[in-house]
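Asker: I have a structure I would like to understand better, so I am pasting it below and will then ask my questions one at a time.
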Amino acid sequence: MPNNLAVQPGETPASYVAEAPRPAEGRARSADEENSGRRRQLQYPPAPEPLPVPVMDNHTHLDFRDGDVQVSVTEALDAAEALGVRGAVQVGCDLESSRFTIEAVEADARLLGAVALHPNDAPALGEAGTLEDALAEIEALAAHPRVRAIGETGLDYFRTEGPGLKTQEYSFRRHIDMAKRLGLALQIHDRDAHEDVVRVLREEGAPEKVVFHCFSGDAELALICNENGWSMSFAGTVTFKNAGDLREALAIADPDLVLVETDAPFLTPHPYRGRPNASYMIPYTMRAMAEVLDKDLAQLCTEVSRNTEKIYGTL
């Protein structure tokens, strides 16, 4: 495909390079250190080779800033488009980011939107007595024609425990109901909670379109998704050396249910794990997925692009 925006493979896109490091404005990652205690590298990785067929990044957070530079929505999408990522779904995870999502989808036609309250935020909203008001605002924002999903919502047993889990599940059920009433896809955040996520979906009756964002399950969960027609979105985690279970899940996933995402600025693919992530790095993940599946890259891109449009519609 023509690279008319002059992003050269092996070089970091110009908009992601700072002449001098400067603090990012707005929302940012919670820490500049990896779990090991080593300071993170804040330079964006080099650009990969462009994809032969364009795909969509179906989950990114453009309001979360990372690295040494602040990149605008337009700059981020320009760099991605030059490398075969024709657009993205900007995802809200609280009121602030969901409001940002509406502004972003109105500012650039290459974006679609998703809005929701993250499961880890629901307990605090419940304790403050503001959960119902927050859910009402999410539903109002979801009426925007370029919002195509309710998400990310779900269950997270890694950061929430105790009494907050009941509120978390209540919020998840409300989001499921919202997605069904509005005819929107449901983007699920599932961390260490596979069994209960599936249980709640079955009890409530899943929406027609369900996406397990940043799929983190094993082959067993992939089979459940296959049986129910629930889409599985693979992120940079599928490239990690210790992610054998994810690759096994991808290998048996129904090809009609496979999507790709960055979850940027998080989950940067190998060999740049721990550095800032962005939509222009989707080709690293797509190539790793094609290798796992022993499939021609152009064919996989065509399938993923078709699957994405089936869930979110056209730009």
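Asker: Which whole-number percent is the relative contact order of the chain (Cα, under 8 Å, 6+ apart)?
Answerer: 19 percent
Asker: Compute a Gaussian network model of the chain, connecting alpha carbons closer than 10 Å, and tell me which residue from Q168, Q187, Q299 fluctuates the most.
Answerer: Q299
Asker: Shifting gears a bit: Using a 1.4 angstrom probe on the protein heavy atoms only, could you order I252, I224 from most to least accessible area?
Answerer: Greatest to least solvent exposure: I252, I224.
Asker: Please give every one of the lysines within straight-line cross-link reach of K310, meaning a C-alpha to C-alpha distance under 17 Å, and leave out same-chain neighbours fewer than 8 residues apart.
Answerer: K180, K209
Asker: DSSP beta bridges in the chain, what fraction antiparallel, as a percent rounded to 5?
Answerer: 5 percent
Asker: Moving to a separate point now. Give the residue from P163, Q90, T302 lying farthest towards the positive end of the charge dipole for the chain; charges sit on Cβ (+1 for Lys and Arg, -1 for Asp and Glu) and the dipole is referred to the Cα centre.
Answerer: Farthest towards the positive pole: T302.
Asker: Now for a separate question. Could you sort E220, E248 by their accessible area in this structure, using a 1.4 Å probe and putting the largest first?
Answerer: E220, E248
Asker: How about region 119-175: which chymotrypsin sites (Phe, Trp or Tyr not before Pro) there lie in a loop by DSSP and see at most 14 other Cβ atoms within 10 Å?
Answerer: Those satisfying the criteria are F158.
Asker: So if I take the alpha carbon set of region 38-185, get Rg, then get Rh from the Kirkwood formula, what is the Rg over Rh ratio?
Answerer: Rg divided by Rh gives 1.02.
Asker: Which trypsin sites (Lys or Arg not before Pro) in region 136-218 pass both tests, a DSSP loop state and at most 14 other beta-carbon atoms within 10 Å?
Answerer: R159
Asker: Would you mind working out the magnitude of the charge dipole of the chain relative to its Cα centre, with +1 at each Lys and Arg C-beta and -1 at each Asp and Glu C-beta, to the nearest 20 Debye?
Answerer: In debye, rounded to 20, the chain gives about 360.
Asker: Okay, next question. For V198, tell me the accessible area in Å² from a 1.4 Å probe, rounded to the nearest 10.
Answerer: About 10 Å², ignoring ligands and nucleic acids.
Asker: Kindly report, to the nearest 10 Å², the accessible surface of D296 as traced by a 1.4 Å probe over protein heavy atoms only.
Answerer: Spelled out: D296, probe radius 1.4 Å, area about 100 Å².
Asker: With an 8 Å cut-off on Cα pairs and a minimum separation of 6 or more residues, tell me the relative contact order of region 66-125 in percent.
Answerer: Relative contact order here is 30 percent.
Asker: Determine the sum of side-chain charges near R148: Lys and Arg each +1, Asp and Glu each -1, restricted to other residues whose C-beta is under 12 angstrom from that of R148.
Answerer: Once all neighbours under 12 Å are counted, the net charge is +2.
Asker: What FRET efficiency comes out for H270 versus E103 if R0 is 30 angstrom and r is the Cβ-Cβ distance? Round to the nearest 0.05.
Answerer: Computed FRET efficiency for H270 and E103: 0.35.
Asker: How far is the Cα center of region 204-251 from the Cα center of region 90-147, in Å?
Answerer: When both Cα centres are located, 24 Å separates them.
Asker: For K310, K295, give me the order by solvent-accessible area with a 1.4 Å probe, most accessible first, ignoring ligands, DNA and RNA.
Answerer: Output order, biggest surface exposure first: K310, K295.
Asker: Considering Cα pairs under 8 angstrom that are at least six residues apart, work out the relative contact order of region 107-166 and quote it in whole percent.
Answerer: 50 percent
Asker: So, one more: Between A288, L184, V210, whose Cα lies farthest towards the positive end of the dipole of region 165-315 when Lys and Arg beta carbons carry +1 and Asp and Glu beta carbons carry -1, centred on the Cα centre?
Answerer: L184
Asker: When the Cα atoms of region 107-195 are enclosed in a convex hull and the volume is divided per residue, what value in Å³ results?
Answerer: 104 Å³
Asker: Given region 137-278, what whole percent of its Cα pairs are spread farther than 19 Å?
Answerer: 53 percent
Asker: Same structure, new question: Quick one: what are the phi-derived ³J(HN,Hα) couplings along region 150-158, Karplus 6.51/-1.76/1.60 with θ = phi - 60°, whole Hz, x for glycine and proline?
Answerer: Using θ = phi - 60°, the values come out as 9, x, 9, 9, x, 10, 9, 9, 8 Hz.
Asker: Projected area of the chain, taken from the Cα convex hull and averaged over every viewing direction, in nm²?
Answerer: 15.1 nm²
Asker: Averaging over all projection directions, find the projected area of the Cα convex hull of region 254-311 and quote it in nm² with one decimal place.
Answerer: With the hull built on Cα positions only, its mean projection is 4.1 nm².
Asker: Where Lys and Arg each count +1 and Asp and Glu each count -1, what net charge lies around T160 among other residues with Cβ under 11 Å from its Cβ?
Answerer: It works out to a net charge of -2.
Asker: A further question on this structure: If each DSSP helix of 4+ residues adds -39,500 (n - 2.57) and the sum is divided by the residues in the chain, what number results at 222 nm, nearest 500 deg cm²/dmol?
Answerer: After summing the helix terms and dividing by the residues of the chain, the value is -11500 deg cm²/dmol.
Asker: Which net charge results for the neighbourhood of K310, defined as the other residues with beta-carbon distances under 14 angstrom from its beta-carbon, given Lys and Arg at +1 and Asp and Glu at -1?
Answerer: -2
The values are calculated or read from the model by the stated rules, or taken from the named source; none is laboratory data. Here the structure is a predicted model, which means the values were calculated and not measured. Virtual Cβ from ideal backbone geometry, glycine too; neighbours counted across all protein chains shown. Only protein heavy atoms, including side chains, enter the accessible area calculation; ligands, DNA and RNA are left aside. Shrake-Rupley method; radii C 1.70, N 1.55, O 1.52, S 1.80 Å.
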